[in-house]
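Encoded as structure tokens, the structure appears first; notes follow it.
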Amino acid sequence: MAGVQTAVQLREQGWPGAVTVLGAETHPPYDLPPLSKAVLSGKAEGSAFDVDFAALAIDLRLGHGVTALRPDAREVDTAAGPVPYDRLVLATGAVPVALPGSADVPGVHLLRTLDDAERLRPVLRERRRVVIVGAGWIGAEFATAAREAGCPVTVVEAAGEPLAGALPPEASRPMRAWYAECGAELRTGVAVARLRPDPAAKVELADGTVLPADAVVVGIGARPATGWLAGSGVALAPDGSVLADERLRTSVPDVYAVGDCASFPSARYGRRLLVHHWDNALHGPRVVAAGLVGDAGKAVQAGPEVYDPVPYFWSEQFGRFVQYVGWHGEGDEVLWRGDPTSASWSVCWLRDGALGALLAVGRPRDVAQGRKLIEQRAPLDRALAADPAVPLKKAALTTA
């Protein structure tokens, strides 16, 4: 998404020169969210972007995985040979984290690429026994698809609650019941000790429990795909992300970074953000293209100059539409809108009385209104905000 959108935005904003897109995969560029939904279930064969690269004069080179960046030569090395550049945009995304030793065990899967989804289709079609390692977004979405297909499902999570890396326990705890409702077993607070090749005893847990499985799906997070930048001079954060500035420029001249591989400073939240979600890969390219077009001497820029979005992501799981907007931190005040055991509810996080983040289950209006309130840094009337019958925008306090 980030690479393709950058190329499209360059053309839409008036970039006059050549545009080349390098892709490691041989498939035409595709969207990721459908992989854990329609593509996985077999309802769609793929999710290729509807982009006419030829009409936009974009040189799309597939099977060109990058292996090194050499700024002095203004080249990137690829599997098909070096490629020169005048300006370079890093959009290599993220790679899933694998369990140690899992490469040597048959029947262990990741879910990040189209090939991954296609390899997992027979698991659902044949209703095989599945153990999912990790109760994050991918784990929950795969559990949903597997249960809909009729697979026996056990989900193992080392943390005490699902979505531990994204949400505090008070917000994710109500989601435990969703697994039971759909017939999936959720085991929390226990890690995987090792994997075995025997389907009858596939997954050994740290507490000694052994779980049978015909397939194991690992969803324990992702890390920026930046290992190929070693020795390039591009500065990286401790989490491995490219240290981009507010215009998504890197520490190397004429090199930008966007999407899952890059973190950026947020003046809104007073910290650097690394956002591994679709919305970030969609909107960041507008800033990159604006910077590149401006650097090329164009008088008018069609995009914003500084990137400081209100982060947003969503997930469809267990018959529910879950959305999150903003960013919350320790010490933020928690305010509930509705009963978390009901079909629809929201959680607000306030900082100094203003809305900083919101999680909504089945309440899309709260998300739409909450996003605007976050952008405005609007303080809220707590009593009104806590009433789910009151539109969230009505809880905003006006100042003289």
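Could you tell me how many cubic angstrom of Cα convex hull volume the chain has per residue? Can you show the working numbers first?
Numbers: hull volume 61.7 nm³, N = 400.
In the chain, the Cα hull volume divided by residue count equals 154 Å³.
How large is the dipole of the stretch 57-112 about the Cα centre if only Lys and Arg carry +1 and Asp and Glu carry -1, each at its Cβ, rounded to the nearest 20 debye? It would help to have the intermediate numbers written out before the result.
On the way: 5 positive and 6 negative charges, 27 e Å.
Dipole size: approximately 120 debye.
With the Cα gyration tensor of the stretch 84-131 in hand, give its eigenvalues times 5 under a square root as the equivalent ellipsoid semi-axes, listed largest first in whole angstrom. Let's see the in-between values first.
Working: eigenvalues 198, 43, 12 Å².
Those come to 31, 15, 8 Å.
Between residue 308 and residue 245, the modelled labels are 1.5 nm apart [label points 7 Å from Cα along Cα→Cβ].
Looking at the chain, the DSSP beta bridges with both ends there are about 65 percent antiparallel.
Can you run the Rg to Rh ratio on the stretch 319-395? Use alpha carbon positions and the Kirkwood inverse-distance Rh.
On the way: Rg = 11.1 Å, Rh = 12.0 Å.
Result: Rg/Rh = 0.92.
Over the residues of the chain, the helix contribution to mean residue ellipticity at 222 nm works out to -6000 deg cm²/dmol, using -39500 (n - 2.57) for each DSSP H run of at least 4. A cut-off under 14 angstrom between Cβ atoms defines the neighbours of residue 219, and their net charge, with Lys, Arg +1 and Asp, Glu -1, is -1. Counted over the stretch 98-218, the DSSP beta bridges are approximately 25% antiparallel.
A Cα-only calculation for the stretch 353-400 places Rg and Dmax at 9.9, 34 Å.
How high is the relative contact order of the chain, in percent, with contacts defined as C-alpha pairs under 8 Å that are six or more residues apart? Numbers along the way, then the final one.
Working: 830 pairs, mean separation 55.3, N = 400.
Relative contact order comes out at 14 percent.
Counting only residues at least eight positions apart within a chain, or on another chain, the lysines with an alpha carbon under 28 Å from that of residue 372 are 393, 394. Applying a DSSP loop filter and a limit of 13 other Cβ atoms within 10 Å to the trypsin sites (Lys or Arg not before Pro) in the stretch 3-68 leaves 43. What is the projected area of the convex hull of the Cα atoms of the stretch 41-116, averaged over all directions, in nm²? That works out to 8.2 nm².
Within the chain, what is the longest stretch that has no GluC sites (Glu not before Pro) placed in a DSSP loop and near at most 12 other beta-carbon atoms within 10 Å? Longest site-free region, per DSSP loop and neighbour criteria: 127-304.
Rounded to the nearest angstrom and ordered from largest down, what semi-axes does the equivalent ellipsoid of the stretch 98-218 get from its C-alpha gyration tensor (root of 5λ)? Walk me through the numbers on the way to the answer.
Values: eigenvalues 87, 58, 36 Å².
Largest first, the stretch 98-218 gives 21, 17, 14 Å.
Using equal-weight Cα scatterers in the Debye expression, the normalised intensity of the stretch 122-186 in log10 at q = 0.16, 0.21, 0.23 Å⁻¹ is -0.47, -0.76, -0.89. Taking every alpha-carbon pair in the stretch 17-68 and binning the separations at 5 Å intervals from zero gives 5, 18, 21, 21, 16, 13, 5, 1, 0 percent.
In a simple Cβ point-charge model (Lys, Arg +1; Asp, Glu -1; nothing else charged), the chain has a dipole of about 540 debye relative to its Cα centre. Computed about its Cα centre, the charge dipole of the stretch 98-218 is approximately 200 debye, with only Lys, Arg, Asp and Glu carrying charge at their Cβ.
Laboratory data are not the source of any read-out in this text; all were calculated from the coordinates shown. It should be emphasised that the depicted structure is a prediction, and the values quoted were computed from it without experimental measurement. Cβ: placed from backbone, ideal geometry, glycine included. Neighbour counts: every protein chain shown.
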